[in-house]
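Data block below; observations after.
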Amino acid sequence: MKFYIKTYGCQMNERDSEAAASALAASGHEMVQDENNADILMFNTCSVRDQAERKALGKLGILIKLKKQKPDIIIGVLGCMAQRMKEQIIEKIPHVDFVAGTDQFHKLPEIVESTILKRKHIVAVDADSEIIENLSGHLNSKNQISAFISVMRGCNRFCSYCIVPYVRGRERSRDKKEILEEANMLVNAGIKEIVLLGQNIAAYGLEGRGQPTEESPFAELLQTLSGLDGLLRIRFTSPHPQYFNQKLIDAMASLPKVCKNLHLPMQSGSDRILELMNRHYTAKKYLSIVDSLKEKIPGMTFSSDIIVGFPTETESDFNETRRVMREVGYDNAYIFKYSPRSGTKAAEMKDDVPQAVKDERNQILLAALDETTGRHNKALVGSTIEVLVEGVSKRNSERWCGRSSSNKVVVFEPLPGIKIGDLINLEITRATAMTLFGK
Ligand code: SF4
């Protein structure tokens with residue numbers, strides 16, 4: 001049968017969808033890109049924000065029309081919202097045929113098969129430790145040079161605003177050997193860059209140790225993967241600052257294949273708010289990681305997640321966030337206006353920062369970010385940057401683009417002989433806040 005998967009939310013969801021699609025393709029189904037051509041429609045959902053869930057529920061609701069026209073069509077809800085709402089999804093939207101939670105992706109071929117044969121609702125949301133080594137399939141397409149690898153699942157941190165530990169369960173790390181095999185397979189298929197994924201990736205391999213230690217199995221994993229011939233670059237996301245120790249800093253500094261860009265979620269620059277968020281670090285500790293990396297790795301860039309308007313956030317707390325942001329000098333940041341997620345600790349607090357104040361703080365940070373990226377990009381004009389060629393630019397088919405190790409996109413006019421996946425040097429001739437132009 002023909003299947004279609006739409007993914008909401010983060011890169012981990014994208015990776016789960018890819019692995020699930022690969023398992024379905026291996027069991028004889030065919031993936032299609034147009035939902036109108038599919039017999040099985042699946043929605044891999046996100047629960048991080050209420051808005052993301054409402055979007056998915058809205059989409060599922062309007063599929064009733066399609067289900068009436070084509071009663072044989074199968075509709076499935078996967079991932080975080082499936083895990084959080086379980087059978088409630090079917091109670092609300094009875095034309096959904098199956099619900100498969102965050103540990104059920106590897107079982108999708110069976111779930112789909114049962115739905116086809118039995119024609120009754122299925123709700124599969126049990127925890128299943130087998131998923132950890134049964135979700136390594138990829139769908140490499142022609143000209144693809146970058147691929148995701150999930151190295152761990154779940155999160156133990158329980159940041160007070162976050163639903164992830166409740167829907168994705170506790171941390172489970174994959175065996176290093178299995179990760180290496182997957183990376184090897186990808187490199188043999190032409191992949192040049194791998195992006196390692198985990199909700200709390202710097203804690204890879206530390207299950208059962210409770211608190212962060214001086215050890216860093218994740219740094220060792222980076223070192224092992226760096227030894228793969230043919231692999232040019234390694235990126236990873238997202239590390240929690242509490243686990244970012246000296247071993248990991250040294251590994252990033254000493255392994256040239258590990259990219260000079262780090263997404264290090266700050267969330268707030270106020271120690272008081274960080275404590276309420278249950279983040280277990282201070283602004284000083286956060287800045288000390290950034291400073292060490294800047295000192296050891298010239299050209300290092302940073303991005304972050306920041307929440308404005310967390311309960312009780314005062315003007316002075318917000319100014320601390322602005323200060324840390326200025327000191328780091330982010331080249332990108334995802335800035336969120338706080339909204340409570342039911343079931344989390346923070347949802348028990350009064351959401352007392354007025355919407356207008358959240359909007360204003362959001363605008364102030366966005367403007368600051370724009371100013372910093374514009375300034376950083378302009379400073380690169382005249383310099384030479386090595387980029388990994390990604391192919392035709394999305395905005396202008398006459399031009400190509402590539403990405404620097406520091407995650408800067410550079411647009412250029414291709415010369416004959418340049419191929420996707422090449423590493424080339426470009427002289428930067430012009431810059432905007434978003435893009436660099438080179439020759
Ligand atoms: S580290 Fe915190 S914010 Fe990140 S997934 Fe875990 S609980 Fe959520």
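Read-outs: derived from the displayed coordinates by stated rules, not from any lab. Please read these numbers as outputs of a predicted model, since none were measured by experiment. Here the Cβ is made from the backbone with ideal geometry for all residues, glycine too, and neighbour counts use every protein chain on show.
Quick rundown of the values:
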quantity: Mean separation of Cα contacts under 8 Å (6+ apart) over length of the chain, as relative contact order %; calculated: 10 percent
quantity: Farthest toward positive dipole pole in the range 140-259 [+1 Lys/Arg, -1 Asp/Glu at C-beta], among Val187, Leu221, Asn156; calculated: Asn156
quantity: Base-10 log of normalised Debye intensity for the range 140-259 (one unit scatterer per alpha-carbon) at q = 0.15 Å⁻¹; calculated: -0.66
quantity: Estimated FRET transfer efficiency when R0 is 45 angstrom, pair Asp352-Ala433 (beta carbons, to 0.05); calculated: 0.85
quantity: Fluctuation leader among Ser150, Ser47, Ser397 - the chain, Gaussian network, Cα springs under 10 angstrom; calculated: Ser397
quantity: Hz values of 3J(HN,Hα) by residue in the range 164-174 - Karplus curve (6.51, -1.76, 1.60), Gly and Pro given as x; calculated: 3, x, 6, 9, 9, x, 6, 5, 9, 9, 7
quantity: Cα centroid of the range 227-283 to Cα centroid of the range 1-80, whole Å; calculated: 32 Å
quantity: Computed E for Glu181/Lys86 - FRET, C-beta separation, R0 45 angstrom, nearest 0.05; calculated: 0.85
quantity: Virtual spin-label span in nm between Ile418 and Gln223, 7 Å along Cα→Cβ; calculated: 3.7 nm
quantity: For the range 140-259, size of Cβ-based charge dipole, Lys and Arg +1, Asp and Glu -1, in debye; calculated: 360 debye
quantity: Difference of contour (0.36 nm per residue) and Cα-Cα distance, Arg170 to Lys337; calculated: 57.5 nm
quantity: Computed lengthening from Leu139 to Glu30, 0.36 nm per intervening residue step minus Cα-Cα distance; calculated: 38.1 nm
quantity: Taking only Cα atoms of the range 278-426, radius of gyration then Dmax in Å; calculated: 19.5, 61
quantity: Under 15 Å, Cβ to Cβ, from Gly230 - net charge with Lys/Arg +1 and Asp/Glu -1; calculated: -1
quantity: Pairwise label distance in nanometres, Asn37 with Lys285, each label 7 Å out on the Cα-Cβ vector; calculated: 5.2 nm
quantity: Quotient of Cα Rg and 2.2 N^0.38 Å for the chain, N being how many residues it contains; calculated: 1.01
quantity: Percent breakdown of C-alpha pair distances by 5 Å bin, ordered from the shortest bin, for the range 1-102; calculated: 3, 13, 25, 26, 20, 11, 2, 0
quantity: The range 121-134 - phi-based ³J(HN,Hα) in whole Hz, Karplus 6.51/-1.76/1.60, Gly and Pro as x; calculated: 4, 10, 10, 10, 9, 5, 5, 9, 5, 5, 4, 4, 10, 10
quantity: Cysteines in the chain lacking a second Cys C-beta under 4.7 Å; calculated: Cys10, Cys46, Cys80, Cys155, Cys259, Cys401
quantity: Within the chain: Cβ-based charge dipole about Cα centre, in debye rounded to nearest 20 (Lys, Arg +1; Asp, Glu -1); calculated: 760 debye
quantity: Exposure proxy order (Cβ contacts within 10 Å, fewest to most) of Phe336, Phe236; calculated: Phe336, Phe236
quantity: Whole-number percent relative contact order across the range 140-259, with pairs defined as alpha carbons under 8 Å at least 6 apart; calculated: 27 percent
quantity: Number of Lys pairs (Cα under 17 Å; 8 or more positions apart or on different chains) in the range 261-376; calculated: 6
quantity: Whole-Hz couplings from phi, Karplus 6.51/-1.76/1.60, listed for the range 62-77; x for Gly and Pro; calculated: 6, 6, 4, 4, 4, 5, 5, 6, 10, x, 7, 5, 10, 10, x, 10
quantity: Highest average packing first - 277-288, 89-100, 48-59, Cβ atoms within 10 Å; calculated: 89-100, 277-288, 48-59
quantity: For the range 382-404 versus the range 296-318, the gap between their alpha-carbon centres in whole angstrom; calculated: 29 Å
quantity: In nm, spacing of pseudo-spin labels at Ala253 and Met1 (7 Å Cα→C-beta vector); calculated: 5.6 nm
